[in-house]
Amino acid sequence: MDITLDLVLQQAVTGLALGAVYVLVAVGLSLIFGLLTVVNFAHGAFFMVGAYAGIATHEYTGSFLAAGVAAVVVSALIGAFSERVLVRPLYGRGIDYPLLLTFGISYVLVDAARILFGRQGLSIDLPEALQGGIDLGFGYFPLYRMLLVAGTLVLLALLWLGIERTRWGLIIRAGARDPLILRVLGVDVSRVWLAIFAFGAGLAGLAGILAAPLRGATPEMGDGVLVSAFVVTVVGGMGSLAGAVVAGFGLGVAVSLTTLFAPAFSDLAMFVFMAIVLLVRPNGLFGRAGLLS
Amino acid sequence: MSVAQTVPAPTGLLARRFGPVGSLALALVFLAVLPLVLPYTSLAGTVLVMGLFAAGYNLVFGYAGILSLGHAAMFGGGAYTTGLLMLKLGLSWPLAVVAGAVAGALVGIVFAALALRTRGIYFAMVTLALGQCGYQLAITFADVTGGDNGLRGFVAAPIEIGGLVLDPAQPMVRYYLMFGFAAVALAGLARVLVSPFGMVLRAMRENLPRARACGLDVRGAKALALALSGLVCGLAGSLYAIHLSTVPVDTLGYHLSGQAVMMTLLGGMGTFFGPLLGAALFVGAEHLVSDVTEYWQTVVGILFIGFVLFCPKGVWGTFEGARQP
């Protein structure tokens, strides 16, 4: 097979779409960690919940939009429940316990998906309007993947505006820096944390339903994505949103191009990149030293 | 060595009430009678292997206070090394088991070299990714490892010790041969834990900045702990290969790393007997529940959540803590 420039570009777009999914998952993971110092091991399960909730809704309504809304709402609700009932009693008991707890939550959610929807996995077809490709003048690209990347970029821009320019964003930034002072100033910090956890879970759910047309849904689909999102946050720098975005898209493209040039090693590529970054910059590309010590 | 002055006297290092020798004796008696009380010898073998795995993991997680989520790489690394040496080179199984343990230690050293540049939660995430890397390696080089199907086709031949022929094909003989290896490893672990090095580990867990301020080589101690933990976990993996006569690719999987955490926490982290008890509880629960329903993960997950919330010291940790004055 000849490797043409056209093929490389196509593969790069596929990589960006893959990266968009990583970014959506990693941004939520990073936000939750940045504010709550909880490493959410259930994040992959929320991703999976979003995909299943979306597909189930799609079967009843036939609407892709409704599927997206359902994915966000259901995973955000399960996220909110997890934070309020299970994670909250563990604050102040060290950083390991919430992590272990969310690990248990992921066990239960994955098995719940098996019970409700079976082990085989489900698939969802794109609406016809989103199928096919689009000619950009220098090549022919799959429409849905382009939209996925564009939509993620718009969402990220909104998120950035929200964090930097709104009153809510101010509270979030203050909470990440010093929750105690924020509480003294009269802000109910526990409600902010609940909202952030639900928001992060919702983002993961959205990523799940957006990825479902490309890869289908299985109960275990979150495991690999969780590991990828961890690699993204490690490479980008823990708690750094900009790092998550750059590393997410970068790793997506890197993995995708490795698939083209050395297919056998595509699954390993990500870990090799992580090892290199760790050797050169132990705190990640955008990470600050001492954040987690 | 000045360590003895920096941390409390070594009482309560292995166990408060049982003392180091008592704890080791308890662990060995427990494993020795296991096949006699359990309905299937193979179940006892699984408990032994998983118990040894959890005990090795506990050295890092329970004693040194370092959360690793990639220990399956050490377990699976040992299992695959043993299996491959027997299959491709025809090595006798006891030698292959020793080599598997060494391979586990080497994986631990690789972990130390890469992941110890980071700390805390960061470390946990990097070890998780490294563990997943091991899994992908086995899948990528499927022509050597058998890929998804796992490694098959090696047989542990009978060995002769002083005229006595021991055939691992017989379940009971196999169990007590494995027990011999496990006993050596557990005795070694107990010895390490009462050494000054064992105290350094606990000092790091209790207060890392203070341990460093006392002039302890924190990073070196962590690296050594990972290597020793890898040695024990690699041995556990090697014995698993002998126990099953195959190496499933799950031995490298992310869930096995999680299982190490669960078993250790269930039994009681930072106690000598806890991980063995935790492994027995975990394997037992899995066995009993999977008889009733195939969805045993739900039950185990809820049990685990309950322990994290309400009983973080684990069964044995709570029992020992209650007996402490």
Exercise. Where Lys and Arg each count +1 and Asp and Glu each count -1, what net charge lies around B:LEU265 among other residues with Cβ under 11 Å from its Cβ?
Worked result: 0
For this session: Kindly write out, for region B:140-153 in residue order, the coupling ³J(HN,Hα) from the Karplus curve 6.51 cos²θ - 1.76 cosθ + 1.60 (θ = phi - 60°), rounded to whole Hz, with x marking Gly and Pro.
Result: 5, 9, 5, 5, 8, 8, x, x, 4, 6, x, 9, 10, x
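Could you size up the charge dipole of the protein assembly as shown around its Cα centre, putting +1 on the beta carbon of Lys and Arg and -1 on that of Asp and Glu, and report it in debye to the nearest 20?
So the magnitude is around 2200 debye.
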Problem set entry | 3J(HN,Hα) from dihedral phi, region A:35-43, Karplus parametrisation 6.51/-1.76/1.60, rounded to Hz, x for glycine, proline | 9, 9, 6, 10, 8, 8, 6, 8, 5
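If eta is 0.890 mPa s and T is 25 °C, what Stokes-Einstein diffusion coefficient results for region A:5-280, Kirkwood Rh from Cα pairs, in µm²/s?
128
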For this session: Using only Cα atoms, locate the centre of region A:25-99 and the centre of region B:15-80, then give the distance between them in Å, rounded to an integer.
Result: 34
Seminar exercise, completed: Helix-only [θ] at 222 nm, chain B, -39500 (n - 2.57) per DSSP H run of 4+, per residue, nearest 500, equals -23500 deg cm²/dmol
Exercise. What whole number of Å gives the distance from the Cα centroid of region B:238-289 to the Cα centroid of region A:190-262?
Worked result: 29
Problem set entry | region B:3-323, relative contact order in percent, only Cα pairs under 8 angstrom and at least six apart counted | 33
Seminar exercise, completed: Rounded to 0.05, the calculated FRET efficiency for the beta carbons of A:ILE3 and A:PHE117 at R₀ = 45 Å is 0.70
Problem set entry | Three-way shape label, chain B, alpha-carbon gyration tensor, a/c 1.5 | rounded
Exercise. With a sphere of radius 14 Å drawn around the Cβ of A:LEU101, what net charge do the other residues whose Cβ falls strictly inside it have (Lys, Arg +1; Asp, Glu -1)?
Worked result: +1
Exercise. Taking amide hydrogens as modeled 1.01 Å from N in the peptide plane, which residues meet the under 5 Å criterion relative to A:GLY133, leaving out close sequence neighbours?
Worked result: A:LEU143
For this session: Springs between alpha-carbon atoms under 10 Å, Gaussian network over chain A: tell me which of A:GLU164, A:GLU220, A:GLU128 tops the mean-square fluctuations.
Result: A:GLU128
For this session: Using θ = phi - 60° and the Karplus relation 6.51 cos²θ - 1.76 cosθ + 1.60, list the HN-Hα couplings for region A:237-254 in order, rounded to whole Hz, with x at every Gly or Pro.
Result: x, 4, x, 9, 5, 4, x, 4, 5, 4, 5, x, 5, x, 5, x, 5, 4
For this session: Compute the whole-percent fraction of alpha carbon pairs in the protein assembly as shown spaced more than 32 Å apart.
Result: 49
Seminar exercise, completed: FRET efficiency for B:ALA169 and B:ALA32 from the Cβ-Cβ distance with R0 = 22 Å, rounded to 0.05, comes out at 0.55
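Values in this text are rule-based calculations from the coordinates and carry no lab data. Since this is a predicted model, take the numbers as computed values, not measurements. Using ideal geometry, Cβ is built from the backbone for each residue, glycine included, and neighbour counts are taken over all protein chains shown.
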